[in-house]
Structure formats: C-alpha cells, structure tokens
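**Student:** Dropping a structure here in structure tokens format, bear with me for questions.
Read-outs throughout are calculated quantities, based only on the coordinates presented, and are distinct from any laboratory measurement. Everything numeric in this text was worked out from a predicted model, so none of it was measured. Quick reminder, even Gly has a Cβ in these numbers, built from the backbone with ideal geometry, and neighbours come from all protein chains shown.
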Amino acid sequence: MTERAQAAVAGVIAATVWGLQEPLDQRLFRCDYSDIALLGKTVTRGPGWRAAGFAIHAVNGAIFGLAFHELRRRARVDHRKLAVAAAVGEHLTLYPLCYFIDRHHPARGEPGIPALFTNARAFAQATWRHALFGWVLGRLA
C-alpha cells in the first residue's frame with residue numbers, strides 16, 4: 001500500500017473510532033452533540049441518517065488523512081504530534097462555523113444537534129474528538 005493510501009485509510013479508521021466512541025463522550029461531557037448526527041441529518045432525517053453520517057464522516061477522515069500526508073511530507077515535526085496539532089487546529093479554525101449550523105441546519109434542535117456556537121461542553125467535546133482523531137491518525141498513517 002502506498003503512503004498516500006495508508007494515510008487515507010488511517011483517516012477513515014480514525015473517523016470511525018471517533019464515531020464509535022461518541023456515545024461515551026456524550027455521557028462524559030453531558031452533551032448530546034454528535035458529529036455523526038450532524039452530518040447524517042444534513043442529508044436525511046429518515047432511518048438511514050446514522051449510516052449516512054458515518055459514511056460522510058469516513059470520507060472526511062480520508063480527505064483529512066490525505067491532507068495530513070502532504071503536510072507531513074513538508075513539515076519537520078514528529079508526525080504523531082503533527083497529526084494531533086493538525087486535527088485540533090482544524091477544529092479551532094472551523095468551530096466558529098457552528099454559528100451557521102445553529103441557525104441553518106435542517107435538523108437543529110433534534111437529538112444529537114444541540115446549539116453549538118456558545119456551548120462550552122460541545123466545544124470541549126469536539127476538542128477531545130479532534131485530539132483522539134489526530135492521535136489515531138498519527139499512529140496509523
């Protein structure tokens with residue numbers, strides 16, 4: 001397997017680990033936020049939203065894995081630390097977009113999609129998820 005393919009597969013695995021552990025961190029952080037619900041309920045609110053959410057999240061993980069592969073080739077930093085920093089950096093950069101999710105997501109307010117922009121628990125939860133994703137990616141890529 002090429003390094004590029006390995007990075008994409010590592011991203012898929014990291015995104016899947018993220019999704020599978022969501023019920024645990026929802027209890028730990030006492031916050032109903034679910035990225036799988038956020039993504040899946042964007043495309044369907046029927047019974048297939050969970051499968052759709054996992055599929056979209058896996059594709060996002062593969063894309064991030066490929067971006068990480070390119071970043072790793074250019075950076076002179078330990079790739080495991082770089083993976084965590086890149087994932088958390090992406091989170092910190094994009095979290096302000098939750099302002100628009102809170103106003104325009106078709107399923108806002110439904111289970112798994114609480115208000116996010118001013119939700120400290122959701123922010124902490126997303127930070128944990130991105131750190132976990134980066135850790136798994138860094139170990140596997």
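**Student:** Of the conditions (1) among the β-branched types (Val, Ile, Thr); (2) more than 21 Å from Glu22 (Cα to Cα); (3) outside any helix (DSSP H, G or I), Thr93 clears all except one; give me its number.
**Tutor:** (3)
**Student:** Would region 62-79 turn up any residue that is part of a loop (DSSP other than H, G, I, E, B), within 17 Å of Thr42 (Cβ to Cβ) and small (Gly, Ala, Ser)? Working first, answer last.
**Tutor:** In the first step, residues of region 62-79 are kept if they are part of a loop (DSSP other than H, G, I, E, B); the result is 75-78.
Restricting the remaining residues to those that are within 17 Å of Thr42 (Cβ to Cβ) gives none.
Within region 62-79, none of the residues are part of a loop (DSSP other than H, G, I, E, B), within 17 Å of Thr42 (Cβ to Cβ) and small (Gly, Ala, Ser).
**Student:** So which residues in region 81-99 are without any contact (Cβ under 8 Å) to a residue 12 or more places away in the chain and over 19 Å from Leu38 (Cβ atoms), if there are any at all?
**Tutor:** Answer for region 81-99, where residues must be without any contact (Cβ under 8 Å) to a residue 12 or more places away in the chain and over 19 Å from Leu38 (Cβ atoms): just Gly89.
**Student:** Does region 95-140 hold any residues that are over 27 Å from Ile13 (Cα atoms) and surrounded by 16 or more Cβ atoms within 10 Å (Cβ to Cβ), and which are they?
**Tutor:** Correct list: Asp102, Asn119.
**Student:** Evaluate region 70-78: report whether one residue or more is in contact (Cβ under 8 Å) with a residue 24 or more places away in the chain and surrounded by fewer than 18 Cβ atoms within 10 Å (Cβ to Cβ). Working first, answer last.
**Tutor:** The initial filter retains those residues of region 70-78 that are in contact (Cβ under 8 Å) with a residue 24 or more places away in the chain, namely 72.
When the remaining residues are screened for being surrounded by fewer than 18 Cβ atoms within 10 Å (Cβ to Cβ), the result is none.
No, that holds for no residue.
**Student:** With of a type in the set (Phe, Trp, Tyr), touching a Phe, Trp or Tyr at 6+ places or on another chain (Cβ under 6 Å) and free of Cβ contacts under 8 Å to residues at least 40 places away in the same chain as the only criterion, which of Phe123, Phe54, Phe117 stands out? Even if it seems obvious, please write down each step before you answer.
**Tutor:** Details: Phe123 fails: touching a Phe, Trp or Tyr at 6+ places or on another chain (Cβ under 6 Å); Phe54 fails: touching a Phe, Trp or Tyr at 6+ places or on another chain (Cβ under 6 Å).
Phe117 is the lone residue from the list that is of a type in the set (Phe, Trp, Tyr), touching a Phe, Trp or Tyr at 6+ places or on another chain (Cβ under 6 Å) and free of Cβ contacts under 8 Å to residues at least 40 places away in the same chain.
**Student:** Within region 97-121, how many residues turn out to be within 18 Å of Gly53 (Cα to Cα), in a helix (DSSP H, G or I) and aliphatic (A, V, I, L, M)?
**Tutor:** Selection size over region 97-121: 1.
**Student:** Let me ask something additional. Restricting attention to region 15-69, and to residues there that are of a type in the set (Ser, Thr, Tyr) and farther than 24 Å from Met1 by Cα, which single residue is surrounded by the fewest Cβ atoms within 10 Å (Cβ to Cβ)?
**Tutor:** In the first step, residues of region 15-69 are kept if they are of a type in the set (Ser, Thr, Tyr); the result is 16, 33-34, 42, 44.
When the remaining residues are screened for being farther than 24 Å from Met1 by Cα, the result is 33-34, 42, 44.
Values: Tyr33: 24, Ser34: 22, Thr42: 17, Thr44: 15.
Per the criteria, the residue is Thr44.
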